[in-house]
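Presented below is the structure to which this report refers.
The values are calculated or read from the model by the stated rules, or taken from the named source; none is laboratory data. On a predicted model such as this, the values are computed, not experimentally measured, just so you know. Using ideal geometry, Cβ is built from the backbone for each residue, glycine included, and neighbour counts are taken over all protein chains shown.
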Amino acid sequence: MQKNNLVIFFTLFLAIFVNLNAQYDTSDVNFKACFVGSTFAMLGNFLPKNKPDFVQVSLGYRLTGNDVVSLELKTWKYGWSLGIPYGPSWEAPETTFPGYIREYGFALAYQRFWWKGLYTGVHVMSAWQSFVDENDNKIDNGFQIFNTYRLGYHVKLFKGKFFVEPSFAITHRAYQTTMPEPFKAINDHYSKFFFGEPGLYFGYNF
């Protein structure tokens, strides 16, 4: 998985230099206020193991040239604590849950553009969870609020019809209901924060 992250990092930095004129002008007759998009993280569904079964659809609206709000609908599954840092413990057998967590939820996001395409963003996700054991039986339900604090760059493509957004983020498990004990025993060893999550979003303006 870390090798895949390096590929994303490389793509991210290449994308930054494709187009430095990424600001939107609301007075432009070609300005498109709405967009639909997703994330290249869905490519992880093609991994040979630890497939996240990740799906995301984003619907957004540009309030101004600098202020953007969006709704993200998503689902995914994971078999380890989200607070495990990069290193030998990342997806190691001894840090893996006895099963996995499946989440369905939505996030409200706000982006603020500061200079050209440079932006910061906050995503607040409400996620409903199913805890599944190693025999693929659901053993409990849960809920969490999962925040993402993002720094990224918006790159226009094809005269502004499409865009990509490479980014880095800090994720924060702001709230979690009580997990089943076998999951909790592993999860409690790790921070509620994760630093350096890569992101590469894409979208279509309309």
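Among the residues of segment 96-113, the one identified as of a type in the set (S, T, N, Q) and over 21 Å from GLU134 (Cβ atoms) is GLN111. Filtering segment 55-80 to residues that are in contact with a helix residue (DSSP H, G or I) (Cβ under 9 Å, 6 or more places away or on another chain) and crowded, with 18+ Cβ neighbours inside 10 Å leaves TRP76, TRP80.
The criterion of at least 3 residues that are farther than 30 Å from VAL29 by Cα and in contact (Cβ under 8 Å) with a residue 12 or more places away in the chain is met by the following strands (runs of 3 or more DSSP E) wholly inside segment 135-206: 138-153, 162-176, 193-205. The set of residues from segment 6-51 being among the hydrophobic types (A, V, I, L, M, F, W, C), modelled with pLDDT of 85 or more and closer than 16 Å to TYR201 by Cα comprises CYS34, PHE35, VAL36, PHE40, ALA41, MET42, LEU43. Looking only at segment 69-95, filter to residues that are free of Cβ contacts under 8 Å to residues at least 40 places away in the same chain and over 14 Å from the mean Cα position of the chain (by Cα); which one of those is nearest to ASP133 (Cα to Cα)? The qualifying residue nearest to ASP133 (Cα to Cα) is GLY79.
On the given criteria, is ARG112 part of a strand (DSSP E or B), surrounded by 15 or more Cβ atoms within 10 Å (Cβ to Cβ), modelled with pLDDT of 95 or more and out of contact with any Pro (no Cβ under 7 Å at 6 or more places or on another chain)? For ARG112, the condition - part of a strand (DSSP E or B), surrounded by 15 or more Cβ atoms within 10 Å (Cβ to Cβ), modelled with pLDDT of 95 or more and out of contact with any Pro (no Cβ under 7 Å at 6 or more places or on another chain) - is not met.
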